[in-house]
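Have a look at the structure below before the remarks.
The values are calculated or read from the model by the stated rules, or taken from the named source; none is laboratory data. Bear in mind that the values here come from a model prediction, so they are computed numbers and not experimental data. No Cβ is skipped: glycine too gets one built from the backbone with ideal geometry, and neighbour counts run over all protein chains shown. With ligands, DNA and RNA removed, areas are computed over all heavy atoms of the protein, side chains included. Shrake-Rupley method; radii C 1.70, N 1.55, O 1.52, S 1.80 Å.
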Amino acid sequence: MTSVIRKFIFHDLQTIEGYIDPPDALVFLSLLQSQKDRSLGGALAEIGVFYGRSYFLLRKISGSDEKVLAIDLFNIGQTADGVSAQYGRFLENGRRLGMPVDEELIIKGDSTLLEPDQLTDKIGKIRFFSIDGGHMLRHVAADSRLAMETIADHGVIAFDDTFNPAWPEVTIGMADFLRDCGGAFSAFCMTKYKTYVCRREFHALYAELIANSADLAAFDHVETEFLGSKVARLHNPISRRMVYELMIRSGMSAFSERVYR
Ligand SMILES: C[S@@+](CC[C@H](N)C(=O)[O-])C[C@H]1O[C@@H](n2cnc3c(N)ncnc32)[C@H](O)[C@@H]1O
């Protein structure tokens, strides 16, 4: 099964316009599969879908029996009378990839205005929540509160664009969240683009799981301290990133998976 998903990551994912790259796709895979192996149940959710790049990855990893909730304004290319170009392309991507979108599990609108039960009424408690919507402090503050109130005890929250100088308020929002919750949550993993957090009681479990994941063995695991907890920073050397980019650009995506073994 892992090889089917790795094929999806290194081939199909590139065909969807968007932002998640192999390192974070492999972290998603490791976390979601390990949760399943340990019977840590719950649904999946994402704020900020764009054209579905990370959403379809969540769908692919979790399979057809699990619920994945997608929240987005879906207003790119909005016309006065109809479906936006963004939403149309998102649905089309689902058909093309053989994962048609269940529109019952789509919330079109501003995530900052949502109440927790609008999510849990649809999908129950959430075991993995990806936050990649609005990138200003007020968005991250509202979205992290919503995630905190809807995740299962063992739930993971993935914050996108942390430490990206283009979006400084995302980092402040994530750090405010960790400090305001008085130690209830802590970060356990960071990549170039994302920070992964969980309830403190589950920190040791997720830290161990990241350390031992075969899918993450290609990265250097560098121990970092962040707001009172140890974090595994997964370093992806520039040499590998260059080889990978060259392969993708020269139409060799089928072989690009080997670069990340
Ligand atoms: C960076 S893109 C998400 C990328 C996506 N996760 C991917 O894998 O390609 C950010 C998305 O957040 C959405 N967004 C921005 N502000 C939002 C808000 N307040 N509520 C819901 N969605 C929002 C935008 O419409 C856009 O599609």
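Some values worked out for this structure:
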quantity	calculated
Hits in the range 77-112 (condition: more than 22 Å from P22 (Cβ to Cβ), within 21 Å of the chain's Cα centre (by Cα) and of a type in the set (A, V, I, L, M))	L91, V101, L105, I106, I107
Residues of the range 115-140 satisfying the condition of being within 12 Å of the ligand (Cβ to nearest atom) and either within 17 Å of the chain's Cα centre (by Cα) or acidic (D, E) (or both)	S130, I131, D132, G133, G134, H135, H139, V140
Any hit, the range 243-251, residues being crowded, with 19+ Cβ neighbours inside 10 Å and farther than 22 Å from D37 by Cβ	yes
Members of the range 195-208 that are outside any strand (DSSP E or B) and open to solvent by less than 10 Å² (accessible area, probe 1.4 Å)	Y206
Residue within the range 22-35 that is within 14 Å of the ligand (Cβ to nearest atom) and open to solvent by 50 Å² or more (accessible area, probe 1.4 Å) present	no
Evaluation of S64 against (1) more than 12 Å from the ligand (Cβ to nearest atom); (2) at pLDDT 95 or above; (3) polar (S, T, N, Q) (one fails), failing number	(2)
Within the range 39-61, considering residues that are away from the ligand (no atom under 14 Å from the Cβ) and under 18 Å from Q118 (Cα atoms), the one most open to solvent (accessible area, probe 1.4 Å)	G42
Filtered residue count, the range 90-109, keeping only those that are out of contact with any Phe, Trp or Tyr (no Cβ under 8 Å at 6 or more places or on another chain) and of a type in the set (K, R)	2
Among (1) within 9 Å of the ligand (Cβ to nearest atom); (2) modelled with pLDDT of 95 or more - the single one V101 does not satisfy	(1)
Complete set of residues in the range 62-79 that are within 19 Å of S34 (Cα to Cα) and open to solvent by less than 10 Å² (accessible area, probe 1.4 Å)	S62, V68
